[in-house]
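Have a look at the structure below, then the notes.
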Amino acid sequence: MEHPYGYIKDNKVYLKGFLGKADREIGEVKEDEASTIAYFEDRFEQIKEKVEKLKSDIQENQNKGSFLMKLIHLRDSLYESDALGDFIPLIEELNQQEEYLNEIIQANRAKNLEVKKALILEAESMKDDTDWKATTEFYKDLKMRWIKTGPVEKEIQEEIETQFNDAVQHFFENRRHFFEGMALQAEENIKVYEALVVQAREAHDLPDAKMAFEISKKIQKEWKSAGKVPAEKRQPLWDEFSRLNNRIFSRYKRTLNPGPQMHPREVMKKVETLTEEIKKLAGQPTTPELINQAKEIQQEWRKLPPRKPKDANLLARSFQFFSDIVFEKAFLEKLVHGKYPDFDKKSAQEQNQIKTALLKDLLHRDQTEYNTAQGNTDNFQVRSSDFEIMMKKKLSGLKRKVDVKNYILKQLSYK
């Protein structure tokens, strides 16, 4: 059976070749030749509808270039379609549509190129800006505008992308270096603040209120110029620093207004009495009542004039030493009861062994700290007189901590 665009031979359906293509088998007769021909003609009508639908979509949509690949795929499929009809007009129509789309795409790409060149100029103009927050937002908006702008010709696509990305990356690299530098500087600044807190602690422990006050004034000036650090790291250091300096100032004020003057002999007698009282407490077992007595004795000591007779120097050191023993023993009691809830139920020998072991650990720590401080002092090349005095006082305090613990260990060994 013949057909204008095909034929049936040996019970098989063929499409006549077109546009240089050979005849091609597209199916076989199922029921009869007439119904089979009608079936393949219907398939061709469906193909024609697809072509018309695509043409309509192209006309109705603004982004016409997006249909180019769909058109090419549809046109290529016509050469392999199993249908009977005149494919040449459909292919020619699609070829015309392709030319139309290519003209539009070329025009759009030229327009896109102009837009992207303008965006590159914007990116270049801001790449060295140091208003990091505002310029970061500017580049975020600029990149969104770049993404929304369509493609340019493939031959210059990479060049255009590189120019834009280089400008954007230049800014973000500058920003990264800036904040990395700030982070490193902040770490250095934190070390300065920590060192100032250490100096405040040492000044706070100096017996000489005037010297402590002078050091306090100096380190407060240094604090103000120490540089920026994150608030959450600076605040704890400031809390301790300001608390220590307030105490230093309060003590200095008291020396300026010492209250009623005492005769040196009266001072000596009071010093001897208070030293003897605190020494007695240092030899007794720790109780809450004993600690309260020690605090009252210390309060009485603070009422004495800051400047005492030279003969009182040795007694003053003894007073400090035995006061430390009282409160070190109280700390040891708190420590053993915290570590051993059943401590009071243990035998006297076990209690003594536990206290001795813990005290030896504490002694080792203090001895190490003293040795380190002594070594650090020896390594300093430049020393001021104030520094010499301050370090001497510090070493003396650390040495006293070691001596106090050794004294308590001897007390325990006698039990």
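The values are calculated or read from the model by the stated rules, or taken from the named source; none is laboratory data. In this text the structure is predicted, and so the values were computed from the model without any measurement. Cβ atoms come from the backbone with ideal geometry, glycine included; neighbour counts cover every protein chain shown.
In summary, Q351 fulfils each of the numbered conditions (1) in contact with a Leu (Cβ under 8 Å, 6 or more places away or on another chain); (2) crowded, with 17+ Cβ neighbours inside 10 Å; (3) assigned by TED's automatic domain parsing to the domain that holds D403 with the single exception of condition (1). In segment 327-344, the residue that is surrounded by the most Cβ atoms within 10 Å (Cβ to Cβ) out of those that are under 14 Å from K401 (Cβ atoms) and without any contact (Cβ under 8 Å) to a residue 60 or more places away in the chain is F327. Within the bounds of segment 302-320, is there any residue that is under 24 Å from K410 (Cα atoms), part of a helix (DSSP H, G or I) and under 48 Å from the mean Cα position of the chain (by Cα)? Looking through segment 302-320, at least one residue is under 24 Å from K410 (Cα atoms), part of a helix (DSSP H, G or I) and under 48 Å from the mean Cα position of the chain (by Cα).
Only one of the listed residues (V168, V198, V192) is modelled with pLDDT of 90 or more and within 30 Å of I215 (Cα to Cα). That residue is V198.
Count of segment 149-163 residues, restricted to those that are within 15 Å of A118 (Cβ to Cβ) and among the polar types (S, T, N, Q), is 2.
For D141, the conditions (1) more than 53 Å from the chain's Cα centre (by Cα); (2) in a helix (DSSP H, G or I); (3) of a type in the set (D, E) are fulfilled apart from (1).
Within segment 208-226, being surrounded by fewer than 13 Cβ atoms within 10 Å (Cβ to Cβ) and outside any helix (DSSP H, G or I) holds for one residue alone: S225. How many residues does segment 191-200 hold that are out of contact with any helix residue (DSSP H, G or I) (no Cβ under 6 Å at 6 or more places or on another chain) and touching a residue at least 24 places away in the same chain (Cβ under 8 Å)? Number satisfying all stated conditions: 2.
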